[in-house]
Amino acid sequence: MSEKLFTVSSSPHIKSKESVNTIMRDVVIALMPALIAGVIYLGIGALTVTVTCVVSCVLFEYLFQRFTKRPIKIKDLSAVVTGILLAFNLPPTAPLWMCVVGSAVAVIVVKAFFGGIGQNIVNPALLARAFLLSAYPGHMTNWTLDGKSTATPLAIAKYGGASMPSLTDVFLGNVGGCIGEISALALLIGFAYLLYRRVITYHIPVAYIGTTLILTLILGFVGRDGFSVQQAFVELFSGGLMLGAIFMATDYTTSPMTKTGQVIFGVCCGILTAVIRIFGGYAEGVSYSILIMNLFVPIIDKYVKPRAFGEVK
């Protein structure tokens, strides 16, 4: 009499069609409108910087996994996403050697040293940007538009010295700035695609952007001369807010697991961003806000837990 053999495996027992590869592929697709806008408004340098960052990130991940005798996982596209996001946080005039240095910091120091994908405690691209900003501030704040040096809308709002661009120019991308942050329209198109594909939810982006807008409206009249409601919306569509809220604050590894926790995370990011922008010495506050809140994610997850299945009060 033959015996039936059953296969016993560890959880999860319910599986989804989505994989790391499919999720990262959707993120890459969602980032393409912003890349196209960056090339259109900032020139071919935007594409060169992006390609350099992507190739460098993939190469560093391959070399690290090869030398440490770990499985080669460059096909999951996570290094490609890291490279694009790093490039999107750089000006189009960034030297290519600086792109390589930033890629090494993002992939090896922030990601690989902590165990690889899913193990990093902060966003790799953002920490690499913070490192480059501290190490090479001159290169990181060299903004161009139509081949001419220019100031970002946030720098104008912070320090003055020029007239603020129109809301239309800021929304479409006809301003100076980092490659991936100039066109709010392109980023919102990517946001809509990610929502449609259910790669992310609206909780963090809406909480983050909404909190930043509300506090900018409240604190702007206190901390800035000649502040107006229109300027608040110009600042909303300027800098890295849209890019950070949609593509980096929503990173699975460095954001809370529950919806309530994600709202708390987004609100706190918005508070920090508005305070840094208006009262801090730096015109932008998105990168540091997300990095700071990344460190608080374990605490948020500890105290904001979903109700266990079948739990009764």
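Below, the figures for the structure above:
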item: Every residue from region 270-295 that is farther than 29 Å from residue 118 by Cα and either among the acidic types (Asp, Glu) or outside any helix (DSSP H, G or I) (or both); result: 280, 281, 282, 283
item: Filter result for the condition that a residue is aliphatic (A, V, I, L, M) and part of a loop (DSSP other than H, G, I, E, B), over 209, 200; result: 200
item: Cross-chain or 6+ apart pairs with Cβ under 6 Å, region 120-143 first and farther than 14 Å from residue 180 by Cβ, then surrounded by 23 or more Cβ atoms within 10 Å (Cβ to Cβ) and of a type in the set (S, T, N, Q); result: 122/294; 124/82; 130/287
item: Positions within region 165-184 being touching a Phe, Trp or Tyr at 6+ places or on another chain (Cβ under 9 Å), among the β-branched types (Val, Ile, Thr) and not in a loop (DSSP other than H, G, I, E, B), in sequence order; result: 170
item: Residues that are at positive phi and out of contact with any helix residue (DSSP H, G or I) (no Cβ under 6 Å at 6 or more places or on another chain), drawn from region 169-227; result: 177, 198, 226
item: Enumeration of residues in region 239-265 that are within 15 Å of the chain's Cα centre (by Cα) and hydrophobic (A, V, I, L, M, F, W, C); result: 241, 242, 243, 245, 246, 247, 248, 249, 265
item: Selection status of residue 282, of a type in the set (Ser, Thr, Tyr), modelled with pLDDT under 95 and over 30 Å from residue 222 (Cβ atoms); result: no
item: Neighbours by Cβ (under 6 Å, 6+ apart or cross-chain): first from region 85-101, free of Cβ contacts under 8 Å to residues at least 24 places away in the same chain; second surrounded by fewer than 17 Cβ atoms within 10 Å (Cβ to Cβ); result: none
item: The one condition in (1) buried (at least 17 other Cβ atoms within 10 Å of the Cβ); (2) assigned to a loop (DSSP other than H, G, I, E, B); (3) in contact (Cβ under 8 Å) with a residue 60 or more places away in the chain that residue 187 fails to fulfil; result: (2)
item: The one condition in (1) closer than 19 Å to residue 246 by Cα; (2) at pLDDT 95 or above; (3) touching a Leu at 6+ places or on another chain (Cβ under 9 Å); (4) of a type outside the set (Val, Ile, Thr) that residue 38 fails to fulfil; result: (2)
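To keep it simple, each residue is scored yes or no on (1) modelled with pLDDT under 95; (2) outside any helix (DSSP H, G or I); (3) closer than 18 Å to residue 247 by Cβ.
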{"site": "8", "(1), (2), (3)": "yes, yes, no"}
{"site": "27", "(1), (2), (3)": "no, no, yes"}
{"site": "32", "(1), (2), (3)": "no, no, yes"}
{"site": "65", "(1), (2), (3)": "yes, no, no"}
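The values are calculated or read from the model by the stated rules, or taken from the named source; none is laboratory data. If you're wondering where the values come from, they're calculated on a predicted model, not measured in any experiment. Every residue, glycine as well, gets a Cβ built from its backbone with ideal geometry; the counts of neighbours run over all protein chains shown.
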